Amino acid sequence: MYPRGILLFIAVLAVFLFFNPQNQIKLVISNLQRGLKSYAKVVIIILTIGVFIALIEPAGIYTVLPLFSGGIMYILGVREVKKLSLIPVFLTVIVYLIFTIVLKVPVPMGIFD
Amino acid sequence: MFENIFAGFTLLMNWEAITAILVGVLAGTVVGALPGLTSTLGVALLIPFTFGMPPAAAFGLLGGMYVSSIYGGSITAILINTPGTPAAAATTLDGYPMTQKGEAGKALGTAIISSFFGGVFGTVALLLIAPILAVLALKVGPPETFLISLFGLTVIISVSSKSIIKGLMSGAFGLLLGTVGMDSFMGYPRFTFEQIGLYEGVPLVAALVGFFSIPEALTLAKASQTVQKVEAKIGKVLLSLKEIKSLTPTFIRSSIIGTIVGIIPGVGTPVACFVSYNEAKRFSKQPEKFGTGIIEGVAAPETANNAVEGGSFVPLLTLGIPGSAQTAIYLGAMLIQGLRPGPALFSEQGPVVYSIILGLLIANIFMLLVGLAGVRLFAKVLKLQTNVLVPVIITFAVIGSYAINNSVFDVGLMFVLGLIGYLMRINGFPIAPVVLALILGPIGENAFIQSLSMFNNNLILFFTRPLSVVLIILTVFSLVMSIRRELRSQE
């Protein structure tokens, strides 16, 4: 009863929003003007994050993290080999120190388990 | 009482206790700042370290962690729009816009000073009038808890920014998310899709991390295509005396709200923060500026969330009822140390009890010093280029979500909610109402059903309880004034 009531409330508000279209139309127009191309990199990053999450348990966070962070940096336009190799390793070491050594928070170790 | 206070102070005046408090404060600041790691987790992680310590040092360590982790959540809330703890969700509303205006230092400075004020106020209230405040905790039953939740939900109007309809839809979506899990009264699963990970409902921390960090990371990633380097301005840190004077009414009002909410078991820190924000906006001469990046918008929630600490110890120490997850862990620590919380605690173990309270006071002082000293260091995050910041945010979001229940399911859920949050963001739907309703929905629903049982389904009996009547009037007043104010500002 309670969840159905909430859904009904959302439906009523959606009708109001439909009949108050000014702001929504402006948003849709501005999104369309930017074009789907502007979201292409975002979609690639979303897929990359999905792969990262899928691999952290079987492979372990410390195996996948350098590849993931380097990959994201590459997608975002970093091309210097030094940056692409050192920053992901540095990030992995920082994460290891904070979570595994200092805080002793369990993280998926995967192949190192 | 004063003899016990002095004896408690004496218990703290040794290197072991002072060092323990300082270590707790430093660790708490880091834990609070990391999205996904809550103050509850931080306090729990420190429990094993307290086994061999004398009580004053043990509770000093835990107190330092509790106090500073609540403040620590504001650091990432302000700098990268990702609250480190649920208590800092309301701080993003004005904290991040201040960073975008080049006033990150001022936002962080406001947060630390406000946290200090609220923390000291709550602790002093605990120190001086705990038994009187305990009476309030006893008067609150399911009807009052339901009405407090309803009152908290009226804040949605205030944080809906540009569109009340979209804000209400976001809030309703949050309520819907709050129905996921086992129905505690009928005992059947709702919207769990046969996933064990959803039987206890949507994990709040995973939702918080997902709704804030993923949209922020994706927004930064998209913006990095056109803007290679974000201008990283810190600005001045310390508030002027004039600014502190202008904030004094906000400090006092938010401290009172935070302390009272802390006293009521089960309501939670985020409620205090959002209600304080709403009240600060209501009493402000320029309410339309809230949400654009002003110090009042940071001061209100940050004062309240630290004032909750002192209040949450009232039911624990006087009645033996933990008022929050953090104090529930404290209860465990107290039993380990041989203390029995309850009405006789102050008379039987006075010096130790007062050393706990004074330890919180000293922790607040250390938190202020560490916070002020560390502002420029924390703000160095802004100097990171977007193409480095994005993987950092996502990394901490993933690990933080995993750390809750050691489950990849929570990480996946965090990600899905994050994608929903991103879609909401690009279509102008505010996120804060979702989080607020997700917290308050289950509390309100359970309290309402308990109230119906108490009243034999006769709702008129709500009006027979004095505190309920006061809350009903406050709720209606808050709703009407909020709608009126928002409609005026949108005109």
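The values are calculated or read from the model by the stated rules, or taken from the named source; none is laboratory data. Predicted model, so just to flag it, every value in this text is computed and none were measured. A quick note on method: Cβ atoms are made from the backbone with ideal geometry, for glycine too, and the neighbour counts reach across all protein chains shown.
Selection of the range B:471-491 for residues being free of Cβ contacts under 8 Å to residues at least 40 places away in the same chain and touching a helix residue (DSSP H, G or I) at 6+ places or on another chain (Cβ under 9 Å) yields only B:ARG488.
Is it the case, given these coordinates, that B:LEU177 is of a type in the set (A, V, I, L, M), away from chain A (no Cβ under 14 Å) and either touching a Gly at 6+ places or on another chain (Cβ under 8 Å) or under 27 Å from B:ALA90 (Cβ atoms) (or both)? No: the conditions fail for B:LEU177. The set of residues in the range B:400-440 being at the interface with chain A (Cβ under 9 Å from one of its Cβ atoms) and surrounded by fewer than 24 Cβ atoms within 10 Å (Cβ to Cβ) consists of B:ALA403, B:ASN406, B:VAL408, B:GLY412, B:PHE415, B:LEU419, B:TYR422, B:ILE426, B:ASN427, B:GLY428. For B:THR40, state whether it is closer than 19 Å to B:LEU204 by Cβ, of a type in the set (Val, Ile, Thr) and away from chain A (no Cβ under 12 Å). Judged against the criteria, B:THR40 is a match. Which members of the range B:424-468 meet the condition of being under 15 Å from B:GLY178 (Cα atoms) and not in a helix (DSSP H, G or I)? The one that is under 15 Å from B:GLY178 (Cα atoms) and not in a helix (DSSP H, G or I): B:ILE431.
Would it be correct to say that B:VAL314 is in contact with a Leu (Cβ under 9 Å, 6 or more places away or on another chain), touching a residue at least 60 places away in the same chain (Cβ under 8 Å) and buried (at least 24 other Cβ atoms within 10 Å of the Cβ)? It is true that B:VAL314 is in contact with a Leu (Cβ under 9 Å, 6 or more places away or on another chain), touching a residue at least 60 places away in the same chain (Cβ under 8 Å) and buried (at least 24 other Cβ atoms within 10 Å of the Cβ).
Pick out, from the range B:126-230, the helices (runs of 4 or more DSSP H) lying fully within it that include 1 or more residues that are at pLDDT 85 or above. Output list reads B:142-153, B:164-178, B:204-223.
In the range A:71-100, the residue that is nearest to A:ILE46 (Cα to Cα) out of those that are within 7 Å of chain B (Cβ to nearest Cβ) and surrounded by 16 or more Cβ atoms within 10 Å (Cβ to Cβ) is A:ILE72.
Scanning the range B:61-74 for any residue that is touching a Pro at 6+ places or on another chain (Cβ under 9 Å) and more than 13 Å from chain A (Cβ to nearest Cβ) turns up at least one such residue.
Can B:PHE151 be described as touching a helix residue (DSSP H, G or I) at 6+ places or on another chain (Cβ under 9 Å), away from chain A (no Cβ under 12 Å) and not small (Gly, Ala, Ser)? Yes: the conditions hold for B:PHE151.
Sub-6 Å Cβ pairs linking a first residue in the range A:91-111 that is touching a residue at least 40 places away in the same chain (Cβ under 8 Å) to a second residue that is surrounded by 12 or more Cβ atoms within 10 Å (Cβ to Cβ) and among the charged types (D, E, K, R), at least 6 apart or interchain, are A:PRO108/A:GLU57, ordered by first then second residue. Annotation note: of A:LEU17, A:LEU103, A:LEU27, the sole residue that is at pLDDT below 80, more than 26 Å from B:LEU419 (Cα to Cα), facing another protein chain (nearest Cβ under 7 Å) and surrounded by 12 or more Cβ atoms within 10 Å (Cβ to Cβ) is A:LEU103. A single member of B:THR82, B:THR91 is β-branched (Val, Ile, Thr) and modelled with pLDDT of 90 or more, and it is B:THR91. Considering the conditions (1) buried (at least 24 other Cβ atoms within 10 Å of the Cβ); (2) touching a residue at least 60 places away in the same chain (Cβ under 8 Å); (3) aliphatic (A, V, I, L, M), B:ILE294 is excluded by exactly one of them, (1).
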